[in-house]
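S.K.: Take this structure first; my questions come after.
The values are calculated or read from the model by the stated rules, or taken from the named source; none is laboratory data. Just so it is clear, the structure is predicted and the values come from calculations on it, not from any experiment. Glycine gets a Cβ as well: all are built from the backbone with ideal geometry, and neighbour counts include every protein chain shown.
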Amino acid sequence: MRRSTGLVLLSLTLFLVIFPLVVGKPGLPMTLKADEPAYYLMALSLARDLDLRCELQDLGRLFDQYPYLATFNLILMTDDGWNTVFFGKPFLYSLFASPFAGLFGANGLVAFNMLLLLAMVGMGIAYLGRYNSLPVAALYAVGFFLLSTSFAYVFWLHPEIFNMVCITASLFLVLHEFDDGPGVGRFQVMLRRLMGRAMRPAWSGAVLALAIYNKPMLLAMALPSMFVFWRRRDLRSAATWIVGCGVSLALVAGLSIALTGHPSAYLGVERMGVPIFDPQQMPIEPVSREAGAAGPTTNSWTWLARIPEIDFGELGTNLGLFFWGRHTGLIPYMPFAVLSLLLFLLYSRRSRVRWITLISIAAVGLFFLIWIPFNWHGGGGFVGNRYFVNVYPAFLFLVTRIQPAWLTAVGYAFAGLLLGPIVFTPFGAPVPEPTLQAHVRNPILRSFPLELNFRKKLPGYQGQGFSGAWFFGRKDVFRPHEDEMWIHGATPVELWMVVAAPMEEEIVFEVRNYAPGNRVTLEVAGERLEIEFDLEAQKAVASQRFELLPRTAPKVLKEGRRQVYAYRIMVETSTGFNPDAASNAKRKWPINEFYLGTALLYLGPRADLDRDLFSARWEDCEIPTQGGAGETLTVKSRLFNDSQETWPATGPTRVNLSYRWLDANGYPVGGEGRRTSLTADVAAGAEISAEQEVIAPNRPGLYELELDLVRERVRWFSQVRPGEPCRGKVEIEPSPDSPKP
């Protein structure tokens, strides 16, 4: 390696390894995420206690470094009814990282991950240097590993980087062309014997075994090595590889048995994820069962052996998202993988071993898509595709020649467009509603399709039902508020409406505007509408109601065993309004909690609003004959739903009980009355008993109280059938505060 290139790489290595040691607590949120608690505490327990038991001192260590928030997913296991508790994740990553954790705590694990990442860079440079100039090889290898989602996992206290380096080393030891010339000096001679041609297959199998122990499906990455041995007719090397893999697995399983009594955290144990609120109390109470006695156990690897039920429609959808999904896609999160595929097709497409490598990569990806279609992206925590990132290094070994060299610059450019927020805020960006997926808010990533199939597992999103539909969007720009959906101002906002059946008729929305001179653009399922509001001289809220007929086909999603249908909604406003301005003005440091562009109400399909449910039969109305001016009266009644439709009790167009006061001439007094909600939907023909609070008029006199029902934002029942309300005369007497006539 040239001295100048070596100096550059050494300087980069020193910076990247040292800086994690001096930052504050790594990661957002301010507590451990996903499976980090178990891996972190295992590393500390191995470093300080030389065991894998979870005890009170371990919980104390957790709070020592992360005291601000509770930890919600510490994975534990037992085989004796929780009398003896062990950490419930594979221990290998924590074992190798334990010296760093013992010295530097959580920051030490990040530094360890960075060392592993840079080790992969070094192997990548050595491999590519056989086919390219050293500067080009170094530039490509650095971009490949640092400008991808793998860089994000350096800052996770997780084994993804560990698995990646195992796969890199295994392939490197077989696919790289080593110089096996005679060594100079005893150390070099010994090193060449230890890592020479005869022993490299054993080391290749041994390091891949470490990744296989964590994720058995990574065994597929043995195919390229086995193919090389088969092509050379080198059965001895194949046998050596298998022996190395087997011995490594046996040693690891034996050490696990010594530490926990089981060869793996996934075999023969009960496992549970628990929250930790108190460092002085174990989170699980023991049950009365002797150690080793028969009891319920969980073999967590049984799903590997089951025959999956394949829904080819779902598989096709997931496969598309696998390549270009907004949160998980290969293209946005691994641009150098795409570039490596291009270089492979240009220069190495006749290489059988590289085709086998590509097949191995595809096999791992398809395994997750087929066996766990609901969870293929990485489970409870992920940036990009957390499961697939384990085999990302294999893409590097598809590459030989990097020509023209400027293609590497293209990879850097696309990484800047797509991965800049991850690289420059690897601990997570401090943004409104912060999540580790906040980078998807940048304009480029917003253009990729959203993974609706696991929409309820996407951090930073929320949803709520309105009028028989479920609306879903990002928390920072979409806020359900009573019957309305608040939409953030001056930014494009994407919503999804999920319904049980395709929309084949007009659907009705209402747009409310709070900001003077606002322009609202709304696009629903291919139908576009622009609304101009002029409130410069008007203080009240303005609203418009409109009907839209969906023009684009919905996305078909699975929800359990049924199908649902999703329609995309885009809302954008030219300006906004701060509903918290008055309260913020009283604060020393005002905060705009939500910049409201518009409020959107979904009233439902036109046919639903036209349903004739406006028939009620009042049996009893216990209306008091007198009351005080301004007094709150209690009115009891019993009535029947005399229509053929159900009265909805929730939603913007729900049915409420209300009333009106009429004067001696039959004219309304004081506007519409207070609403009383139904406790539940009322089926056709059903009877309900109600108790309403009624506010008496402020002026004394003889009035008539008219009880009625109203379907909100549609009409009063009495507007359809005037003779149906329940009425009674009430004498309103003066009160001390009544105005004088």
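S.K.: Counting only residues that are under 29 Å from the mean Cα position of the chain (by Cα) and surrounded by fewer than 24 Cβ atoms within 10 Å (Cβ to Cβ), which one in the range 82-94 is farthest from ALA209 (Cα to Cα)? Give the derivation first.
M.R.: Taking the range 82-94 and keeping what is under 29 Å from the mean Cα position of the chain (by Cα), we get 86-94.
With the extra rule that they be surrounded by fewer than 24 Cβ atoms within 10 Å (Cβ to Cβ), the set shrinks to 90, 92.
Details: PRO90: 13, LEU92: 11 Å.
Of everything passing the filter in the range 82-94, PRO90 is farthest from ALA209 (Cα to Cα).
S.K.: Scan the range 693-703 and give yes if some residue there is part of a strand (DSSP E or B) and closer than 27 Å to ARG611 by Cβ, otherwise no.
M.R.: For the range 693-703, residues part of a strand (DSSP E or B) and closer than 27 Å to ARG611 by Cβ: absent.
S.K.: Could you check, for the range 702-709, whether at least one of its residues is over 26 Å from VAL508 (Cα atoms), touching a residue at least 24 places away in the same chain (Cβ under 8 Å), surrounded by fewer than 17 Cβ atoms within 10 Å (Cβ to Cβ) and in the same structural domain as GLN626 (by TED's automatic domain parsing)? Outline the logic, then answer.
M.R.: Initially, the range 702-709 is screened for residues over 26 Å from VAL508 (Cα atoms), giving 702-707.
Subsequent filtering for residues that are touching a residue at least 24 places away in the same chain (Cβ under 8 Å) retains 702-707.
Right, trim to surrounded by fewer than 17 Cβ atoms within 10 Å (Cβ to Cβ) and you get 702, 704.
Next, from what is left, pick out any that are in the same structural domain as GLN626 (by TED's automatic domain parsing): 702, 704.
Checking the range 702-709: at least one residue is over 26 Å from VAL508 (Cα atoms), touching a residue at least 24 places away in the same chain (Cβ under 8 Å), surrounded by fewer than 17 Cβ atoms within 10 Å (Cβ to Cβ) and in the same structural domain as GLN626 (by TED's automatic domain parsing).
S.K.: Across the range 36-85, what is the number of residues that are in contact with a His (Cβ under 9 Å, 6 or more places away or on another chain) and modelled with pLDDT of 95 or more? Write out each step before concluding.
M.R.: Going residue by residue through the range 36-85, those that are in contact with a His (Cβ under 9 Å, 6 or more places away or on another chain) are 36, 39, 77, 79.
Subsequent filtering for residues that are modelled with pLDDT of 95 or more retains 39.
Here the count works out to 1.
S.K.: Answer with yes or no whether ILE361 is outside any helix (DSSP H, G or I), buried (at least 19 other Cβ atoms within 10 Å of the Cβ) and at pLDDT 90 or above. Step through it out loud before you land on a result.
M.R.: On the way: outside any helix (DSSP H, G or I): no; buried (at least 19 other Cβ atoms within 10 Å of the Cβ): yes; at pLDDT 90 or above: yes.
Here the answer is no, as ILE361 does not meet what is asked.
Each row is one residue, and each column tells you yes or no for (1) at pLDDT 95 or above; (2) touching an Asp or Glu at 6+ places or on another chain (Cβ under 8 Å); (3) assigned by TED's automatic domain parsing to the domain that holds PHE594; (4) not basic (Lys, Arg).
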site: PRO430; (1), (2), (3), (4): no, no, no, yes
site: GLU451; (1), (2), (3), (4): no, no, no, yes
site: HIS481; (1), (2), (3), (4): no, no, yes, yes
site: VAL493; (1), (2), (3), (4): yes, yes, yes, yes
site: MET503; (1), (2), (3), (4): no, no, yes, yes
site: ARG519; (1), (2), (3), (4): no, yes, yes, no
site: GLY526; (1), (2), (3), (4): no, no, yes, yes
site: ARG545; (1), (2), (3), (4): no, yes, yes, no
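S.K.: Next question. Which ones in the range 94-121 are closer than 16 Å to THR260 by Cα and not polar (S, T, N, Q)? First the steps, then the outcome.
M.R.: Narrowing the range 94-121 to residues closer than 16 Å to THR260 by Cα: 94-95.
Correct list: LEU95 only.
S.K.: Turning to a different aspect of this structure: Take the range 417-435 and flag every residue that is part of a helix (DSSP H, G or I) and without any contact (Cβ under 8 Å) to a residue 60 or more places away in the chain.
M.R.: Taking the range 417-435 as the starting set, the residues that turn out to be part of a helix (DSSP H, G or I) are 417-424.
Scanning the range 417-435 gives LEU417, GLY420, PRO421, PHE424.
S.K.: Whether any residue in the range 638-645 is closer than 16 Å to ARG721 by Cβ, without any contact (Cβ under 8 Å) to a residue 60 or more places away in the chain and among the hydrophobic types (A, V, I, L, M, F, W, C) is what I want to check.
M.R.: To start, the set of residues in the range 638-645 that are closer than 16 Å to ARG721 by Cβ comprises 639-645.
Within this subset, residues satisfying the condition of being without any contact (Cβ under 8 Å) to a residue 60 or more places away in the chain are 640-645.
Adding the requirement that they be among the hydrophobic types (A, V, I, L, M, F, W, C) leaves 640.
Checked against the condition, which is being closer than 16 Å to ARG721 by Cβ, without any contact (Cβ under 8 Å) to a residue 60 or more places away in the chain and among the hydrophobic types (A, V, I, L, M, F, W, C), the range 638-645 yields at least one hit.
S.K.: Kindly list the number of the only condition in (1) within 48 Å of the chain's Cα centre (by Cα); (2) touching a residue at least 24 places away in the same chain (Cβ under 8 Å); (3) crowded, with 19+ Cβ neighbours inside 10 Å that fails for PRO725.
M.R.: Every listed condition holds for PRO725 apart from (1).
S.K.: May I ask you to verify whether LEU657 is part of a strand (DSSP E or B) and in contact with a Ser or Thr (Cβ under 6 Å, 6 or more places away or on another chain)?
M.R.: On the way: part of a strand (DSSP E or B): yes; in contact with a Ser or Thr (Cβ under 6 Å, 6 or more places away or on another chain): yes.
Yes, satisfied.
S.K.: Of PHE86, PHE100, which residue is closer than 22 Å to LEU16 by Cα and of a type in the set (Phe, Trp, Tyr)? Let's see the steps before the verdict.
M.R.: On the way: PHE86 fails: closer than 22 Å to LEU16 by Cα.
Checking each option against the conditions leaves just PHE100.
S.K.: Of all residues in the range 702-741, how many are charged (D, E, K, R), more than 19 Å from ALA664 (Cβ to Cβ) and modelled with pLDDT of 90 or more?
M.R.: Number satisfying all stated conditions: 5.
S.K.: Could you check how many residues of the range 542-579 are outside any strand (DSSP E or B), over 29 Å from the mean Cα position of the chain (by Cα) and small (Gly, Ala, Ser)?
M.R.: Residues in the range 542-579 being outside any strand (DSSP E or B), over 29 Å from the mean Cα position of the chain (by Cα) and small (Gly, Ala, Ser): 1 in total.
S.K.: Of all residues in the range 490-537, which are acidic (Asp, Glu) and farther than 25 Å from ASP610 by Cα? First the steps, then the outcome.
M.R.: Of all residues in the range 490-537, those acidic (Asp, Glu) come to 494, 504-506, 510, 523, 527, 530, 532, 534, 536.
Scanning the range 490-537 gives GLU494, GLU530, GLU532, ASP534, GLU536.
S.K.: Sticking with this structure for a sec: Tell me the residue from PHE145, PHE151 that is farther than 22 Å from TYR40 by Cα, assigned to a helix (DSSP H, G or I) and within 32 Å of the chain's Cα centre (by Cα), please.
M.R.: Working: PHE151 fails: farther than 22 Å from TYR40 by Cα.
Going through PHE145, PHE151 in turn, the sole match is PHE145.
S.K.: I'd like the full set of residues that are under 25 Å from HIS481 (Cα atoms), out of contact with any Asp or Glu (no Cβ under 8 Å at 6 or more places or on another chain) and in a helix (DSSP H, G or I), limited to the range 436-449.
M.R.: ALA438, VAL440
S.K.: Kindly evaluate ALA238 against the criterion of being over 39 Å from the mean Cα position of the chain (by Cα) and in a helix (DSSP H, G or I). Walk me through it before giving the result.
M.R.: On the way: over 39 Å from the mean Cα position of the chain (by Cα): yes; in a helix (DSSP H, G or I): yes.
When the stated conditions are applied, ALA238 passes them.
S.K.: Residue by residue through the range 11-67, note down the ones that are of a type in the set (Ser, Thr, Tyr) and more than 29 Å from the chain's Cα centre (by Cα).
M.R.: Just the residues of the range 11-67 that are of a type in the set (Ser, Thr, Tyr), to begin with: 11, 13, 31, 39-40, 45, 66.
If the condition is that a residue be of a type in the set (Ser, Thr, Tyr) and more than 29 Å from the chain's Cα centre (by Cα), then SER11, THR13, SER45 are the ones that fit.
S.K.: Pick from the range 459-477 the residues that are touching an Asp or Glu at 6+ places or on another chain (Cβ under 8 Å) and surrounded by fewer than 21 Cβ atoms within 10 Å (Cβ to Cβ): which of them is farthest from VAL508 (Cα to Cα)?
M.R.: The qualifying residue farthest from VAL508 (Cα to Cα) is GLY460.
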